[in-house]
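Colleague: Before I ask anything, here is the structure I am working with.
The values are calculated or read from the model by the stated rules, or taken from the named source; none is laboratory data. In this text the structure is predicted, and so the values were computed from the model without any measurement. All Cβ positions, even for glycine, are placed from backbone atoms using ideal geometry, and neighbour counts span all protein chains on display.
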Amino acid sequence: MTEPVLSIRNITKMFGALAASDNVSLDLMPGEIHALIGPNGAGKSTLIQQISGGLTPDAGSVHFLGRDVTGLDTVARARLGLGRTFQISALAMEDTVLQNAMLGALGAKGRPFSILRPIMRDKGLRQVAEAALDRMGLSTHHNTVTGELSHGQRRQLEVAVALTLSPRAFLMDEPMAGLGTSGTHDLTAILSNLRHEAPILLVEHDMDAVFALADRISVLDYGRIIATGTVDEIRAHPDVRRAYLGEET
Amino acid sequence: MTRETWINAALALGLLAVPLWAWVADEPFTITLATKVAILALAGVGLNIALGLGGLVSLGHAAFFGLGGYAMGILAAHAQNYTPLMEWPLVVEGTKSMPVIWLVAVIVSALTALLIGALSLRTSGVYFIMITLAFGQMLYYFAISWPAYGGEDGLSIYVRNGFPGLNTLDPIQFFAICYVLLILALAFSARLARSPFGLALNAARQSPQRVETVGISPYRLRLLAFVISGAITGLAGALFADLNRFVSPSMFSWQTSGEIMVFIILGGTARLFGPVAGAALFIFLEQALGGLSEYWHVHLGLLLLAVVLFARGGIIGTLAGQGARND
Ligand SMILES: Nc1ncnc2c1ncn2[C@@H]1O[C@H](COP(=O)(O)OP(=O)(O)OP(=O)(O)O)[C@@H](O)[C@H]1O
Ligand SMILES: [Mg+2]
């Protein structure tokens, strides 16, 4: 039997009287893309935050690679190999695209407290950073200031930085948002291959992408998981159709 | 070379040319003013690492400036009175040697910055400003109430401390010492900005979440920045005390912290030579306006307001335009 890479057990998080996470349990298995869908405000980003370490759950646990990481902070979880992208881009906007990618490479493979050697001349880190940018189609934008990128390009850079980490699992919060048709198509192909390097917990609103990519889907509604299953099972699920897909079909 | 590099070179040469001219023309007061610019710029280079690169608005850097000053004052006072600094558990004598004094100033400032930083960097924004201010004021009142070292009156040192092979009483030679230290600090600061640490610190200022997510602790980055920053400002404090041959609690005052920050804002926050341009303008204005009116600080305040409102990049930013800070 294979062990889950990431295992979330009975997570509850209250914001006042609002249960943003209500007894949520979820597994991410090796090699899979596990999509997390649900209407706006269902608690998807809140759940991602609790997995990555930015928020502490009121109850429940997060296990990563067989280790209880519930008490660890974001930095420690990242060092264990959790790679995350943000719904709202969190990038160094005044820095260049290459510098942002170098930061990722530095965090994962470099020595961030070294103060004398110029980082941009570090060939090893540069290779990692450039390969990630190439893969995300940003190779002609190395010297562009990040703040000048289009919204879609920033999303691509978010994913590129996560790639530089060579993480053991990806957490991606709406990476397709704002990408446009061809961007979504390209990223779908990239993520499809990426699952073999590390499994992906994918929050996404674009249903075509979700149905094309997901090995399993979990549906979140008012902080609760109302269904988990394969694409076909979820498409057919009556509660899901009512709570979520009903809006679209 | 970018436009900013040319401006920096012009500033470096200008700060050298003025005292050389004054030396030829036998105007020692002008040399003293240039020395003051170099020392205050050095203090600013220190603060700029925390403020410009790290985004840490410290209103307590007078703590390090003052500690550097008192490191000089205390060591030199014991040396000139032939009394040991302490006798137990081992005998420590005072010293009149600049390099030793600098080393002590840097170490004491760095350790204090580690302590203050470790506590205050747990907060951010206005709380951080207030806590750093409070630490500075604590040292200020401590210095006032410590009669062994002059209390409110401060400490006078009769003869400037020595540097091997130089006559430090000669204004141009003392200027040379301060100038070289400033250039070394600038070179170090430029390298720091391009280093892995510089990249990460600068990113932590822009998006701490991003830095955490790649597995680097913004807190630790900031703490190291604060320590380096405090150490450089402490060195400047030791030189400043030697320039005046006098230390007093006013080196610890919040006005001192404010002035160091003013150099940076005037010159251009996070610009390598910002503190040099700012300190030079500050001393120039102090001389030009201070003679005209006792209230020259009001004029300075208006100028500062204009810079903050209309010229965010300060002098350097206005002259050089926007530029990538580290490549
Ligand atoms: N820090 C907070 N304090 C209070 N309420 C919050 C906080 N963060 C989120 N919420 C609330 O928790 C609920 C879940 O928010 P969350 O951002 O997790 O939703 P989401 O599923 O990611 O939505 P979207 O699809 O719009 O991104 C929302 O009702 C939101 O308003
Ligand atoms: Mg969300």
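Colleague: Restricting to the range A:1-48, count the residues that are closer than 11 Å to A:Leu201 by Cβ and basic (Lys, Arg).
Modeller: Qualifying residue count, the range A:1-48: 1.
Colleague: Continuing with this model, one more query. Under the condition of being touching a Leu at 6+ places or on another chain (Cβ under 7 Å) and in a loop (DSSP other than H, G, I, E, B), which residue from the range A:139-185 is farthest from ligand 2 (Cβ to nearest atom)?
Modeller: Among those that are touching a Leu at 6+ places or on another chain (Cβ under 7 Å) and in a loop (DSSP other than H, G, I, E, B), it is A:Asn143.
Colleague: Right, next: Just checking, which of A:Met93, A:Met102, A:Met120 is farther than 25 Å from A:Glu32 by Cα, aliphatic (A, V, I, L, M), part of a loop (DSSP other than H, G, I, E, B) and facing chain B (nearest Cβ under 9 Å)? Outline the logic, then answer.
Modeller: On the way: A:Met102 fails: part of a loop (DSSP other than H, G, I, E, B); A:Met120 fails: part of a loop (DSSP other than H, G, I, E, B).
It is A:Met93.
Colleague: On the phi > 0 side of the Ramachandran plot and not aromatic (Phe, Trp, Tyr), is that true of A:Gly53?
Modeller: Numbers: on the phi > 0 side of the Ramachandran plot: yes; not aromatic (Phe, Trp, Tyr): yes.
Judged against the criteria, A:Gly53 is a match.
Colleague: When the residues of the range A:73-93 are filtered to those that are within 16 Å of ligand 1 (Cβ to nearest atom) and either of a type in the set (Phe, Trp, Tyr) or more than 14 Å from A:Ala160 (Cα to Cα) (or both), which remaining residue is surrounded by the most Cβ atoms within 10 Å (Cβ to Cβ)?
Modeller: Taking the range A:73-93 as the starting set, the residues that turn out to be within 16 Å of ligand 1 (Cβ to nearest atom) are A:74, A:84-90.
This time we only want the ones that are either of a type in the set (Phe, Trp, Tyr) or more than 14 Å from A:Ala160 (Cα to Cα) (or both), so: A:74, A:86-88.
Numbers: A:Thr74: 22, A:Phe86: 26, A:Gln87: 16, A:Ile88: 11.
Among them, the one singled out is A:Phe86.
Colleague: Pairs only if they're at least six apart or on different chains, beta carbon under 8 angstrom, first in the range B:87-110 and at negative phi, second aromatic (Phe, Trp, Tyr); list them, first residue then second.
Modeller: From residues that are at negative phi, the pairs are B:Ser97/B:Phe163; B:Met98/B:Phe163; B:Pro99/B:Phe163; B:Ser109/B:Phe64.
Colleague: Right, A:Gly54: at pLDDT below 95, within 16 Å of ligand 2 (Cβ to nearest atom) and surrounded by fewer than 22 Cβ atoms within 10 Å (Cβ to Cβ) or not?
Modeller: Numbers: at pLDDT below 95: yes; within 16 Å of ligand 2 (Cβ to nearest atom): yes; surrounded by fewer than 22 Cβ atoms within 10 Å (Cβ to Cβ): yes.
Criteria met by A:Gly54.
Colleague: Out of all the residues in the range B:289-300, which are assigned to a loop (DSSP other than H, G, I, E, B) and of a type in the set (Phe, Trp, Tyr)? First the steps, then the outcome.
Modeller: First, pick out the residues of the range B:289-300 that are assigned to a loop (DSSP other than H, G, I, E, B): B:293-295.
Matches in the range B:289-300: B:Tyr295 only.
Colleague: Quick one: in the range B:102-125, which of the residues that are among the hydroxyl-bearing types (Ser, Thr, Tyr) and buried (at least 22 other Cβ atoms within 10 Å of the Cβ) is farthest from B:Leu221 (Cα to Cα)?
Modeller: Among residues in the range B:102-125 that are among the hydroxyl-bearing types (Ser, Thr, Tyr) and buried (at least 22 other Cβ atoms within 10 Å of the Cβ), the one farthest from B:Leu221 (Cα to Cα) is B:Ser109.
Colleague: Right, another one. Of the conditions (1) within 12 Å of chain B (Cβ to nearest Cβ); (2) surrounded by 15 or more Cβ atoms within 10 Å (Cβ to Cβ), A:Arg135 satisfies every one except a single condition; which number is it?
Modeller: Against the list (1) within 12 Å of chain B (Cβ to nearest Cβ); (2) surrounded by 15 or more Cβ atoms within 10 Å (Cβ to Cβ), A:Arg135 comes up short only on (1).
Colleague: Just give me the residues in the range B:198-210 being without any contact (Cβ under 8 Å) to a residue 40 or more places away in the chain and more than 7 Å from every other protein chain (Cβ to nearest Cβ), in sequence order.
Modeller: B:Pro208, the sole residue that qualifies.
Colleague: Please go through the range A:164-189 and pick out each residue that is hydrophobic (A, V, I, L, M, F, W, C) and under 21 Å from A:Ala108 (Cα atoms).
Modeller: Keep residues of the range A:164-189 that are hydrophobic (A, V, I, L, M, F, W, C), which gives A:165, A:169-172, A:176-177, A:179, A:187, A:189.
Across the range A:164-189, the qualifying residues are A:Leu165, A:Ala169, A:Phe170, A:Leu171, A:Met172.
Colleague: If you don't mind, there's one more thing I want to ask. With respect to B:Pro164, determine if the residue is of a type outside the set (Lys, Arg) and more than 14 Å from chain A (Cβ to nearest Cβ). First the steps, then the outcome.
Modeller: Working: of a type outside the set (Lys, Arg): yes; more than 14 Å from chain A (Cβ to nearest Cβ): yes.
Yes, satisfied.
Colleague: Also, quick follow-up: Within the range A:1-55, can you find the residues that are in contact with a Ser or Thr (Cβ under 7 Å, 6 or more places away or on another chain) and part of a loop (DSSP other than H, G, I, E, B)?
Modeller: Those that are in contact with a Ser or Thr (Cβ under 7 Å, 6 or more places away or on another chain) and part of a loop (DSSP other than H, G, I, E, B): A:Met29, A:Pro30, A:Gly43, A:Gly53, A:Gly54, A:Leu55.
Colleague: Right, here's the next one. Which numbered condition trips up B:Arg312, out of (1) in a helix (DSSP H, G or I); (2) within 23 Å of B:Asn8 (Cβ to Cβ)?
Modeller: Here B:Arg312 meets the rest and fails (1).
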